[in-house]
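The values are calculated or read from the model by the stated rules, or taken from the named source; none is laboratory data. This one's a predicted model, so the numbers in the text were calculated from it and none came from an experiment. Here the Cβ positions follow ideal geometry from the backbone for every residue, glycine too, while neighbour counts run over all protein chains shown. The accessibility values were calculated without ligands, DNA or RNA, using every heavy atom of the protein model including side chains. Shrake-Rupley method; radii C 1.70, N 1.55, O 1.52, S 1.80 Å.
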Amino acid sequence: MPLRQMKESSEQHLVIKPHLPNTMNQTKKVTKAVQNGKGPPLLAQEQHNQTSPPPQGRSGGGRRRSRNGRKSDQVDVLMRPSCRPCTAVKSNENGHVVQNGNVVSSDVEMSFPTSSKSLSFAQRPGYGQVGTKCIVKANHFFAELPDKDLNQYDVTITPEVSSKAVNRSIIAELVRLYKESDLGMRLPAYDGRKSLYTAGVLPFSWREFKIKLIEEEDGINGPKREREYKVVIKFVARANLHHLGQFLAGKRADAPQEAIQILDIVLRELASKRFCPIGRSFYSPDIRTPQRLGEGLESWCGFYQSIRPTQMGLSLNIDMASAAFIEPLPVVEFVGQLLGKDVLSRQLSDADRIKIKKSLRGVKVEVTHRGSVRRKYRVSGITSQPTRELVFPVDENSTMKSVVEYFQEMYGFTIKHTHLPCLQVGGNQKKANYLPMEACKIVEGQRYTKRLNEKQITSLLKVTCQRPRDRENDILRTVQHNAYDQDPYAKEFGIKVSEKLASVEARILPAPWLKYHESGKEKNCLPQVGQWNMMNKKMINGMTVSRWACINFSRSVQDSVARTFCNELAQMCQVSGMEFNLDPVIPIYNAKPEQVEKALKHVYHVSSNKTKGKELELLLVILPDNNGSLYGDLKRICETDLGLISQCCLTKHVFKITKQYLANVSLKINVKMGGRNTVLVDAVSCRIPLVSDIPTIIFGADVTHPENGEDSSPSIAAVVASQDWPEVTKYAGLVCAQPQRQELIQDLYKTWHDPVRGVVSGGMIRDLLVSFRRATGQKPQRIIFYRDGVSEGQFYQVLLYELDAIRKACASLEPNYQPPVTFIVVQKRHHTRLFANNHRDRNSTDRSGNILPGTVVDTKICHPTEFDFYLCSHAGIQGTSRPAHYHVLWDENNFTADGIQSLTNNLCYTYARCTRSVSVVPPAYYAHLAAFRARFYTEPDLQETGSTTGGRGSKTTRAAGDCGVKPLPALKENVKRVMFYC
């Protein structure tokens, strides 16, 4: 549904025009690029006051369309170029590429990507120098650039085929028949859809072929049929690898994505034939013996493969991967595992049939009752009747025959378990649509895409959790097994891949000193290998809890046990630096999990009466270990209905009380109450570059999307912002719902018309800026924005739209208020892994064998020209650590490499919930937690259609009616002010 256009604001926003010559010509060029589907959205040269984001569409770049088919490429953006890092690239009168006044290349074609003429991401200002230098190995393998021209051909197959596997079979047959003749001995690479690539031209620019394939999936009675396809191959374009070489050498601003994509497809061609391709990964039961996950699932091992442009040239990124697959079992055995009981001698209940139907719908099975004939079918459902009751007409006279009789007479197959239902493999009630369960086996190689249960997740993690040395060895074995030097496609295209891990220069950044309260024995602390503890320390700002209560939802926890636990926790809070009343307002209240709302409201009102109207400050909650939806329901009611801050504890921790656990819970309670546990010594001493000099606000933002198959759930956006300066430790957060799969955060800034006040401005950025002003007494003079969850294909979109929203939010507060912005994307879902150069050297690894916390890399495996780096800021616990990848897209604060790397690393030691450095910068981490917390607010009402309690003016919800997305219920004010998501 296209977004409803919001009414134009009458406010005058600051208009900032890029200080470039010929801006009108630039705009025309960018507009043309957008119309061609290339480059970023239009850079607006004028202010239009349009605040609605582009319509919802597929994630990633490219053209977006609304449902009425109209193009929606323009994004209203006001961009202010910085003096150094965000450079404009243009051509001079001689056709030379000019960047910052310098000619960087003279080899320019008219097709030079328009996006780099209009906007370039922040360029690397230099390399970091801070830290202890060391060598690490990365799972990147140098790929030598071929010296051949790459040619692209368009492929049209008639009749059209939706299956990539069938398409590949058609082209494989075409190559087999015509390689030595019509194809001129060329061995093409094919993407499985519309494009075919060759090294050197084919003898024709257009040709039609007729290919016959044997049809596999026909009816039970029918013989194998041949199907004829018409294949038209047409020349499209030639990719010049010289341009790619220029980009890798830093002489060209834009990567020629087409050339990189072709090389990627070439190196995937052989693996696509040998393994089961899913996304960018390949799986096979032969790589490692599959491990059972339970309920008919098993884990397959595989490898991820992607070619990337880096400073060392083209790099092939190889990593190990694991995924859940449906075990290729006889269907009866699968059903037995799924239900966890013997199905051969028991009747199935209605609930059993529903579970079987959900699990098998869409799954491919093959018949086993016909000897060597193994026809395959896709299951559409199961019958409601057992097999013994199923009959069907066998002739026009409606003569009926049972399924049992038919299979006996037709195939000599006796159905033994007639109490089981039949599989349905079609939509009509015909004999060909009934397949007895015992005559079917699940086809191998089908990935399971639905949600795994907790036991299955635990089992899968055991498989994927590899020590660094083991993972490195597996990666090397995979590269050797793939034998790229023997790959006929790599040979055809002239690609040579090294079999050695890339050796990379790295630095280990020092841990920051942390400050605790003066009353503790240890006032300052220097973490060791990414961790420390609370012994002899007191929170820097311990809060007071005078009025608290406890609800016990666990039947196995007796009153005396609950009282002991609460008392121990209260004492730990005191020891850690809080003022915590040892006695609850009312005695511990026992309740049933199914009566959560009734219990919460009872405790809330009884406590309020006891304290003569004073609100309860904290609610402790004891939960069963397996509590289902109880946790989510409790958080929703507490935070959106009652305005209660709650702290949940599982039964297993109540019975087994440890000081470490109590200390961690006390840290969480303190920040929930608005306190701070520790701050950076450099922050207190005002020694953090580009943060301590002027009031600086640090934002974190993330969007979480519903899981596959959840069609009714919205996406949830969350933004958090620091509320203390110069310490930048305490954060407040806001959340909102938005259209499903929409990555752009829509409520960063918005306006609406109020009947009394007229045009009103709002949105999460504006509200958090106001909140910062109230908390510190100063307005932010600098903005640092960490954005999580953005893929490379969405960089332009997200930067242009969200930076514009930040601009407008600032301008709506005060004329000419435009603090400089640094916009950094944080990525964790990548496949770069860093290994110690020598696994035996204990001084270069932590206890888990991983690289040391603080390890940063900004050379060799990073982007050829842009401002990015990998940072492993945490100590590993188990498995192989994944470094976070930070990409500075926009930088008006002129950070040096050392400046942004040290700031990011130091912030990772300020995470409030534990005494360890964390793997992702805390503002991004908090935004991620807040977005997941907010999903609990949507769950109970998924099937409802009415309006909710959240209104247009609510700071934490979408405006009612926008985009047809049901708004989240509003958070209570006392909840919004604190880190409620901790």
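Yes/no matrix, rows are residues, columns are (1) within 30 Å of His863 (Cα to Cα); (2) among the charged types (D, E, K, R); (3) without any contact (Cβ under 8 Å) to a residue 60 or more places away in the chain:
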{"site": "Ala259", "(1), (2), (3)": "yes, no, no"}
{"site": "Leu263", "(1), (2), (3)": "yes, no, no"}
{"site": "Arg280", "(1), (2), (3)": "yes, yes, yes"}
{"site": "Thr289", "(1), (2), (3)": "no, no, yes"}
{"site": "Tyr304", "(1), (2), (3)": "yes, no, no"}
{"site": "Ile307", "(1), (2), (3)": "yes, no, no"}
{"site": "Gly313", "(1), (2), (3)": "yes, no, no"}
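Among the residues making up region 753-773, those that are under 21 Å from Ala718 (Cα atoms) and surrounded by fewer than 17 Cβ atoms within 10 Å (Cβ to Cβ) are Val770, Arg773.
Being at pLDDT below 95 and crowded, with 17+ Cβ neighbours inside 10 Å narrows it down to one residue among Gly520, Gly530, Gly542; which is it?
Result: Gly520 is the single residue among Gly520, Gly530, Gly542 that is at pLDDT below 95 and crowded, with 17+ Cβ neighbours inside 10 Å.
Taking first residues from region 388-401 that are touching a residue at least 12 places away in the same chain (Cβ under 8 Å) and partners that are in a helix (DSSP H, G or I) and of a type in the set (D, E, K, R), the Cβ contacts under 7 Å between residues at least 6 apart in sequence or on separate chains come to Phe392/Lys431.
Looking at region 590-628 only, could you name the residues that are out of contact with any Gly (no Cβ under 8 Å at 6 or more places or on another chain), among the charged types (D, E, K, R) and on the phi < 0 side of the Ramachandran plot?
Lys592, Glu594, Glu597, Lys598, Lys601, Lys610, Lys614, Glu617, Asp625
Give the residues of region 496-509 that are within 23 Å of Leu852 (Cβ to Cβ) and surrounded by 15 or more Cβ atoms within 10 Å (Cβ to Cβ), sorted by residue number. Once the filter is applied, which keeps residues that are within 23 Å of Leu852 (Cβ to Cβ) and surrounded by 15 or more Cβ atoms within 10 Å (Cβ to Cβ), region 496-509 yields Leu501, Ala502, Val504, Ala506, Arg507, Ile508, Leu509. The set of residues in region 153-166 being modelled with pLDDT under 95 and open to solvent by less than 60 Å² (accessible area, probe 1.4 Å) consists of Pro159, Val161, Ser163, Val166.
In the set (1) within 25 Å of His517 (Cα to Cα); (2) buried (at least 18 other Cβ atoms within 10 Å of the Cβ), Val603 fails one condition alone, (1). Candidates in region 720-752 are the residues that are in contact with a Gly (Cβ under 7 Å, 6 or more places away or on another chain) and of a type in the set (A, V, I, L, M); of these, the one that is surrounded by the most Cβ atoms within 10 Å (Cβ to Cβ) is Val720. Every condition in (1) farther than 30 Å from His417 by Cβ; (2) acidic (Asp, Glu); (3) surrounded by fewer than 19 Cβ atoms within 10 Å (Cβ to Cβ) is met by Glu333 except one, and the failing one is (1).
From the list Leu348, Leu344, which residue is assigned to a loop (DSSP other than H, G, I, E, B), touching a strand residue (DSSP E or B) at 6+ places or on another chain (Cβ under 8 Å), open to solvent by 10 Å² or more (accessible area, probe 1.4 Å) and at pLDDT below 95?
Leu348
For Val232, the conditions (1) buried (at least 16 other Cβ atoms within 10 Å of the Cβ); (2) at pLDDT 95 or above; (3) of a type in the set (A, V, I, L, M) are fulfilled apart from (1). In region 606-622, is there at least one residue being of a type in the set (Ser, Thr, Tyr), in contact with a Lys or Arg (Cβ under 8 Å, 6 or more places away or on another chain), closer than 19 Å to Ala934 by Cβ and open to solvent by less than 10 Å² (accessible area, probe 1.4 Å)? No, there is no match, as no residue in region 606-622 is of a type in the set (Ser, Thr, Tyr), in contact with a Lys or Arg (Cβ under 8 Å, 6 or more places away or on another chain), closer than 19 Å to Ala934 by Cβ and open to solvent by less than 10 Å² (accessible area, probe 1.4 Å).
On the basis of being charged (D, E, K, R), more than 42 Å from the chain's Cα centre (by Cα), more than 30 Å from Glu144 (Cβ to Cβ) and at pLDDT 95 or above, does Arg225 make the cut?
no
Give the residue that is nearest to Phe565 (Cα to Cα), with candidates limited to residues of region 605-638 that are of a type outside the set (D, E, K, R), assigned to a loop (DSSP other than H, G, I, E, B) and in contact with a Leu (Cβ under 9 Å, 6 or more places away or on another chain). Out of the qualifying residues, it is Pro624.
Restricting to region 783-794, name every residue that is out of contact with any Asp or Glu (no Cβ under 6 Å at 6 or more places or on another chain) and either open to solvent by less than 10 Å² (accessible area, probe 1.4 Å) or not in a helix (DSSP H, G or I) (or both).
Applying the first criterion (out of contact with any Asp or Glu (no Cβ under 6 Å at 6 or more places or on another chain)) to region 783-794 yields 783-787, 790-793.
Ile783, Ile784, Phe785, Tyr786, Arg787, Val790, Ser791, listed by residue number.
Contact list please: Cβ distance under 6 Å, first residue in region 690-704 and free of Cβ contacts under 8 Å to residues at least 60 places away in the same chain, second residue hydrophobic (A, V, I, L, M, F, W, C), pairs at least six apart or on different chains. Pairs that qualify, where the first residue is free of Cβ contacts under 8 Å to residues at least 60 places away in the same chain and the partner is hydrophobic (A, V, I, L, M, F, W, C), are Ser692/Cys686.
Checking Ser345, Ser372, Ser384 one by one, the residue that is of a type in the set (Gly, Ala, Ser), more than 21 Å from Phe413 (Cα to Cα) and out of contact with any Asp or Glu (no Cβ under 8 Å at 6 or more places or on another chain) is Ser384 and no other.
Within the group Val136, Val155, which residue is closer than 30 Å to Cys872 by Cβ, of a type in the set (A, V, I, L, M, F, W, C) and part of a strand (DSSP E or B)?
Numbers: Val155 fails: closer than 30 Å to Cys872 by Cβ.
Exactly one of Val136, Val155 is closer than 30 Å to Cys872 by Cβ, of a type in the set (A, V, I, L, M, F, W, C) and part of a strand (DSSP E or B), namely Val136.
Any residue that is over 24 Å from the mean Cα position of the chain (by Cα) and modelled with pLDDT of 95 or more - is there at least one of those in region 820-829? Yes, because at least one residue in region 820-829 is over 24 Å from the mean Cα position of the chain (by Cα) and modelled with pLDDT of 95 or more.
Selection of first residues in region 720-747 that are under 14 Å from Ala934 (Cβ atoms) and of second residues that are open to solvent by 10 Å² or more (accessible area, probe 1.4 Å) and acidic (Asp, Glu), restricted to Cβ pairs under 9 Å at least 6 apart or on distinct chains, gives the following pairs, ordered by first then second residue: Leu734/Asp767.
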